[in-house]
Amino acid sequence: MFDFVHKQKRIIQVIIGLLALTFAVWGIESYTRGRGQSDAVAKIGPLSISQREFEAELGRQQERLRQLFGREFDPSTVDTLATRRELLEGMIQQRLVAEAAIKSRLLISDEALREVIAGIPAFQENGQFSKSAYETILRAQNPPLTPAEYESRLRYDLALGQLARSIGQTAITPRTVAQHLVQLEEEQREVSEALVPSDKFLDQAKVGEAQIKSYYESHQAEFRIPERVRAQYAVLSAEELGRQQPVSDAEVQKLYESRASQYQVPEERRASHILIAVPSDAKEAVRQAARKKAEAILAEVRKSPQRFAELAKKYSQDPGSAEKGGDLGLFGRGMMVKPFEDAAFGMKEGEISGIVESEFGYHIIKLTGIQPARSRSLDEVRPALVAELQKQKGAQRFAEAAEGFTNMVYEQADSLQPAADRYKLPLHTTDWITRDSGKALGPLENKRVVNALFSNDAISNKRNTDAIEIGVDTLVAARVLEHQAASLQKYDDVKAQIEQELRRNEAAALAAKDGVARLEQLRKGEDAGLKWGAARSVSRRAAAGLSPDTLRLIVSADVAKLPAYVGAAAGAQGYAVYRISKVTEPPERTEPQKAADLQRIARADGQAQYDAYVANLRANSDIEINEKLLRPQQQQ
């Protein structure tokens, strides 16, 4: 058996300690249970992933997102067919790898498992494993875990880790290969670009009626208007209700007095400085030279104090303040490094310090102002206090009104006006919206609200939607005012649009043809009459704004003879030609850099080997996916 656990114990403790309690996966018991189920979302040979199992993992994923983004997160916004496919693909791959691990007998002994669990810091008290802490943390998971369930899942994770490591170790990266790859990564190529624009060929681009009609008939999906509605809605929120609540001067005064200590503004000072910078690792000779320079500047400052700002612009090496005559603005205690702060708060206004040494170098400080400690007045903080009191009242009123609002929009379902009148809410009207209108929906940007608006009850029966929670202390109810079924735009309405698009495509094709001809001229050493842009350096690591395909073309070009030329279609813009005028080899790497390079590339090779292994497992497995069960419930 591989010695994975013992050799990688510290890594495992960190990874499992951080992730094992958050990312619950199926254990071996799930693997063995998933055979021959009729409600399978996916079948992998004799194994299967049931709909219950898939929905449970989806629920765990959504719960993790809710913990990350808070109560306002709506799981329906990310519950799409695409995200479900991605999740299912991950489950399939794990199932394949689990089967391979079991067949290879890559199992974790009880002793090794105990050692890993005992080393997880979350389960320790005073540096020792604590059974009570272990059980408490497992019970706190969502859903709660028993020790047996957690140990089964952890054993499963470690077994898969063994397999991944053993596969990755089969990738052997010779040192010379790693060094060559790094040289290729770091190699710089100086490139200039010239564009053969498609606009100059628009007059030559001719499009006939038959072409336009053919495009319309073969691309009708582009001209289909999706189902859409115009809606009316009302929002009941603590914020809206709070704005309706009066706040008395006495309430504001009372809150202000209760927080008097919070409105104390400590003394602040304003200063300018001249900095002679010294690196923290500078040698003593460098430090002495810098100090000598600072002392010479100080003598000049003392001779002409009124020229401080002028001398700061001339000598200071602080890029943030030099152009402003050294001015640092107002600052309080704790905002500057301690030597600077001690000096500034020990000076009188207008005084100039001696040489002050800090971690940044040598400072000459002029104190330009003192703002004494004070209390912020009631008038200054009144707007914030009123807003806070209204928020408090709004939250209280919302708790009282939420149930009544919910009942009213349901019981008087033919109009939102009664609820709006009762709670003094404005009624809003949308423009045409579709199921995928996104951020254009404003407060209706919630999948549950959109699904309710496009339901049969809302469209056919013209009933209010339910009051739906879209955020903390926020409910929205809506109703359809007007509905249009999905339809196809008429040919005459889109004919001009299609003609313009086809002419642009034809012009781009003509530009590409001309660009290829010019490229051949350049390669023959002839003048192609192109206007080149400014040169820029690119590498495999630094694209300098180039697309991945264009960068790949440039870095793979033959540069045995310079300048070298390559070209590529630039979409609707035309055709781009690139001139490679210079190639700069990277500097020689140090031995520590070479060792780090080898380790990095070996990791990448190992991951690529493992990915290829998993892809091969998938390619050689009989996998069936039940698309109907995979879809979100509202689409089934």
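The rows are residues; the columns are (1) assigned by TED's automatic domain parsing to the domain that holds LEU519; (2) surrounded by 13 or more Cβ atoms within 10 Å (Cβ to Cβ).
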{"site": "GLN179", "(1), (2)": "no, yes"}
{"site": "PRO197", "(1), (2)": "yes, yes"}
{"site": "LYS206", "(1), (2)": "yes, no"}
{"site": "ALA210", "(1), (2)": "yes, no"}
{"site": "LYS213", "(1), (2)": "yes, yes"}
Completion exercise
Only one of GLU482, GLU506 is charged (D, E, K, R) and under 30 Å from VAL207 (Cβ atoms), namely GLU506
Completion exercise
Those residues of the stretch 505-540 which are part of a loop (DSSP other than H, G, I, E, B), under 15 Å from VAL583 (Cβ atoms) and not hydroxyl-bearing (Ser, Thr, Tyr) amount to ALA535, ARG540
Exercise for the section: Evaluate the stretch 486-497: report whether one residue or more is closer than 26 Å to LYS561 by Cβ, not acidic (Asp, Glu) and not assigned by TED's automatic domain parsing to the domain that holds ALA234. Expected result: no
Fill in the blank from the handout: Filtering the stretch 431-457 down to residues that are assigned to a loop (DSSP other than H, G, I, E, B) and within 17 Å of GLU469 (Cα to Cα) yields GLU445, ASN446
Handout entry: the stretch 601-618, residues that are of a type in the set (A, V, I, L, M) and closer than 11 Å to GLN93 by Cα
Key = VAL614, ALA615, LEU617
Exercise for the section: From (1) at pLDDT below 90; (2) assigned by TED's automatic domain parsing to the domain that holds ILE352, pick out the condition that doesn't hold for ALA296. Expected result: (1)
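Which residues, counting only those in the stretch 308-351, are among the polar types (S, T, N, Q) and touching a helix residue (DSSP H, G or I) at 6+ places or on another chain (Cβ under 7 Å)?
Our first condition is that a residue be among the polar types (S, T, N, Q); within the stretch 308-351, this holds for 316-317, 321.
Answer for the stretch 308-351, where residues must be among the polar types (S, T, N, Q) and touching a helix residue (DSSP H, G or I) at 6+ places or on another chain (Cβ under 7 Å): just SER316.
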Handout entry: Out of SER358, SER375, sole residue that is surrounded by 15 or more Cβ atoms within 10 Å (Cβ to Cβ), at negative phi and among the hydroxyl-bearing types (Ser, Thr, Tyr)
Key = SER358
Practice task
Could you grab me the full set of residues in the stretch 297-317 that are closer than 17 Å to ALA271 by Cβ and of a type in the set (Gly, Ala, Ser)?
Solution key: ALA309, ALA312, SER316
Practice task
Out of the residues in the stretch 121-156 that are hydrophobic (A, V, I, L, M, F, W, C) and either farther than 30 Å from LEU617 by Cβ or outside the structural domain of LEU47 (by TED's automatic domain parsing) (or both), state the one that is surrounded by the most Cβ atoms within 10 Å (Cβ to Cβ).
Solution key: PHE123
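Quick grid of which residues meet (1) farther than 21 Å from THR550 by Cβ; (2) touching a helix residue (DSSP H, G or I) at 6+ places or on another chain (Cβ under 8 Å); (3) without any contact (Cβ under 8 Å) to a residue 60 or more places away in the chain; (4) acidic (Asp, Glu):
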residue: HIS483; (1), (2), (3), (4): yes, yes, no, no
residue: ALA486; (1), (2), (3), (4): yes, no, no, no
residue: GLY515; (1), (2), (3), (4): no, no, no, no
residue: LEU519; (1), (2), (3), (4): no, no, yes, no
residue: ASP527; (1), (2), (3), (4): yes, yes, yes, yes
residue: TRP532; (1), (2), (3), (4): no, no, no, no
residue: ALA535; (1), (2), (3), (4): no, no, no, no
residue: SER539; (1), (2), (3), (4): no, yes, no, no
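Please note which strands (runs of 3 or more DSSP E) are completely contained in the stretch 541-636 and include at least 1 residues that are of a type in the set (S, T, N, Q) and more than 30 Å from VAL449 (Cα to Cα). Talk me through it step by step, then tell me what you get.
Working: elements: 564-569, 574-584, 623-625.
In the stretch 541-636, 574-584 are the strands (runs of 3 or more DSSP E) which contain 1 or more residues that are of a type in the set (S, T, N, Q) and more than 30 Å from VAL449 (Cα to Cα).
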Practice task
Could you figure out which of (1) surrounded by 15 or more Cβ atoms within 10 Å (Cβ to Cβ); (2) in contact with a helix residue (DSSP H, G or I) (Cβ under 6 Å, 6 or more places away or on another chain); (3) closer than 27 Å to VAL480 by Cα; (4) not aliphatic (A, V, I, L, M) isn't true of GLN390?
Solution key: (3)
Practice task
State which residue is nearest to GLY326 (Cα to Cα) when the search covers only the stretch 261-278 and only residues that are modelled with pLDDT of 85 or more and surrounded by fewer than 16 Cβ atoms within 10 Å (Cβ to Cβ).
Solution key: ALA277
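What tally of residues in the stretch 184-239 results from selecting those that are assigned to a helix (DSSP H, G or I) and within 31 Å of the chain's Cα centre (by Cα)? Full working, then the answer.
Filtering the stretch 184-239 for residues assigned to a helix (DSSP H, G or I) gives 184-186, 198-204, 209-218, 220-223, 238-239.
When the remaining residues are screened for being within 31 Å of the chain's Cα centre (by Cα), the result is 184-186, 222, 238-239.
Residues meeting the conditions: 6.
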Completion exercise
Filtering the stretch 431-454 down to residues that are without any contact (Cβ under 8 Å) to a residue 24 or more places away in the chain and within 16 Å of PRO226 (Cβ to Cβ) yields SER437, GLY438, ALA440, LEU441, VAL450
Handout entry: Conditions (1) of a type in the set (Gly, Ala, Ser); (2) over 21 Å from GLN412 (Cβ atoms); (3) in the same structural domain as THR406 (by TED's automatic domain parsing): number failed by ALA477
Key = (2)
Exercise for the section: For the stretch 308-322, indicate whether the set of residues that are out of contact with any Leu (no Cβ under 9 Å at 6 or more places or on another chain), surrounded by 16 or more Cβ atoms within 10 Å (Cβ to Cβ), of a type in the set (Asp, Glu) and within 16 Å of LEU275 (Cβ to Cβ) is non-empty. Expected result: no
Completion exercise
The lone condition ARG230 fails out of (1) closer than 30 Å to ALA373 by Cα; (2) surrounded by 14 or more Cβ atoms within 10 Å (Cβ to Cβ); (3) out of contact with any helix residue (DSSP H, G or I) (no Cβ under 9 Å at 6 or more places or on another chain) is (1)
Problem - Unique match (being farther than 18 Å from ALA570 by Cα and surrounded by 14 or more Cβ atoms within 10 Å (Cβ to Cβ)) among ARG523, ARG541 - result: ARG523
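Looking at ARG269, ARG307, which one is touching a Phe, Trp or Tyr at 6+ places or on another chain (Cβ under 7 Å) and basic (Lys, Arg)?
Details: ARG307 fails: touching a Phe, Trp or Tyr at 6+ places or on another chain (Cβ under 7 Å).
Testing whether each residue is touching a Phe, Trp or Tyr at 6+ places or on another chain (Cβ under 7 Å) and basic (Lys, Arg) leaves just ARG269.
One line per residue, one yes/no per condition, for (1) in contact with a Gly (Cβ under 7 Å, 6 or more places away or on another chain); (2) farther than 30 Å from GLN521 by Cβ; (3) among the small types (Gly, Ala, Ser); (4) surrounded by 14 or more Cβ atoms within 10 Å (Cβ to Cβ):
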{"site": "ALA570", "(1), (2), (3), (4)": "no, no, yes, yes"}
{"site": "ARG589", "(1), (2), (3), (4)": "no, yes, no, yes"}
{"site": "LYS594", "(1), (2), (3), (4)": "no, yes, no, yes"}
{"site": "ASP597", "(1), (2), (3), (4)": "no, yes, no, yes"}
{"site": "ALA602", "(1), (2), (3), (4)": "no, yes, yes, yes"}
{"site": "GLN607", "(1), (2), (3), (4)": "yes, yes, no, yes"}
{"site": "TYR610", "(1), (2), (3), (4)": "yes, yes, no, yes"}
{"site": "LEU617", "(1), (2), (3), (4)": "no, yes, no, yes"}
{"site": "ASN620", "(1), (2), (3), (4)": "no, yes, no, no"}
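The values are calculated or read from the model by the stated rules, or taken from the named source; none is laboratory data. Since we're looking at a predicted model, the values are computed, not measured. Ideal geometry is used to build each Cβ from the backbone, glycine not excepted, and the neighbour counts take in all protein chains shown.
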